[in-house]
Amino acid sequence: MPQHTPPYPKAHGLLDGKVTLVTAAAGAGIGYATARRCAEEGATIVLSDRHERRLAAAADTLTELTGVKPLAVPCDVTSEAQVLALFDAVVEAHGRLDVVVNNAGLGGTAPLAEMSDDQWHAVVDVTLTGTMRCTRTALRQMIAQGSGVIVNNASVIGWRAQHGQAHYAAAKAGVMALTRCVALEAAEHGVRVNAVAPSLAVHPFLAKVTSEELLAELAAKEAFGRSAEPWEVANVIVFLASDYSTYMTGEVVSVSSQHP
């Protein structure tokens with residue numbers, strides 16, 4: 001039987017004063033939940049997303065909740081020029097960059113034998129190459145500072161197989177490998193790089209595009225018998241971004257019972 005969702009957590013100032021950028025932060029999923037939790041924990045938030053209308057709405061909602069208006073910068077992570085402009089805007093506004101949460105990703109379902117090159121490239125360019133672009137640009141700023149934290153959003157599907165998900169699984173496995181390699185390069189500069197690997201975190205958009213049967217099937221595979229709330233994934237991201245995890249780098253933390 002599914003266990004009940006725990007109460008929403010109180011804030012403890014875990015990210016006080018840290019300038020924190022979250023990509024793909026519009027909407028109702030993990031990105032916005034992460035931006036909200038980081039703001040509640042005292043971070044100075046920068047929101048980014050390629051959907052300008054939803055980005056503006058997310059910024060307005062966060063302002064109402066926290067009383068502080070975040071910087072909101074539209075960005076498509078498949079564009080190197082837009083990624084560079086995003087990071088320049090953050091540093092120009094706040095003088096530094098302490099935390100980057102790379103949340104942008106794109107899914108899809110297609111058996112490989114029926115998948116086009118365009119379908120493959122669309123998923124990989126956002127999910128893996130977009131994460132690389134943002135990580136690379138963040139590193140340049142953080143190495144110069146001598147500090148910083150990057151948290152990438154991977155997925156348990158990077159470990160386990162699922163029908164029709166070859167492109168997405170390959171991209172998320174790539175995010176995991178990218179995280180581990182970059183962590184070694186960044187450590188000598190005082191920069192940490194980790195990742196979270198969620199399984200099923202249901203939000204209104206996902207529920208709209210996914211059948212109830214599939215959602216129920218996936219939830220039944222979880223130890224708690226339910227999907228995660230987006231903020232439950234965000235809590236783990238907050239931990240990895242905070243000074244409570246200063247000796248962790250190159251790790252992929254599963255937010256699910258489904259891991260190797």
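The values are calculated or read from the model by the stated rules, or taken from the named source; none is laboratory data. Here the structure is a predicted model, which is why all the values come from computation and not from measurement. So basically every Cβ, Gly included, is an ideal-geometry build from the backbone, and we count neighbours across all protein chains shown. Ligands, DNA and RNA are stripped out before the accessible areas are found, and what is left, the full protein with its side chains, is counted by its heavy atoms. Shrake-Rupley method; radii C 1.70, N 1.55, O 1.52, S 1.80 Å.
Listing for the model above:
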{"quantity": "P(r), alpha carbons of region 101-260 - 5 Å bins starting at zero, rounded %", "calculated": "2, 9, 17, 21, 20, 15, 9, 5, 2, 0"}
{"quantity": "Computed over the chain: relative contact order in percent, which uses C-alpha pairs under 8 Å that are six or more apart", "calculated": "21 percent"}
{"quantity": "Fraction of accessible area attributable to carbon and sulfur, the chain (%, probe 1.4 Å)", "calculated": "56 percent"}
{"quantity": "Region 56-160: relative contact order as a whole-number percent, Cα under 8 Å and 6+ apart", "calculated": "31 percent"}
{"quantity": "Cleavage-rule hits (trypsin sites (Lys or Arg not before Pro)) in region 1-41: DSSP loop, at most 16 neighbouring Cβ within 10 angstrom", "calculated": "Lys10"}
{"quantity": "Segments 187-197, 54-64 sorted - mean Cβ within 10 Å per residue, highest first", "calculated": "187-197, 54-64"}
{"quantity": "Per residue solvent-accessible surface (Å²) - the chain, probe of 1.4 Å", "calculated": "47 Å²"}
{"quantity": "Placed amide H near Gly27: partners under 5 Å, 5+ positions off or other chain", "calculated": "Ala58"}
{"quantity": "Thr109-Glu185 FRET efficiency (beta carbon distance; Förster radius 35 Å; 0.05 resolution)", "calculated": "0.55"}
{"quantity": "25 Å Cα-Cα threshold exceeded, pairs from Lys10/Lys69; Lys69/Lys172; Lys18/Lys172", "calculated": "Lys69/Lys172; Lys18/Lys172"}
{"quantity": "Dipole axis of the chain (+1 Lys, Arg; -1 Asp, Glu on Cβ), positive-most option in Val175, Val252, Met115", "calculated": "Val252"}
{"quantity": "Pairwise FRET efficiency - His12 versus Val91, Cβ, R0 = 30 Å, nearest 0.05", "calculated": "0.65"}
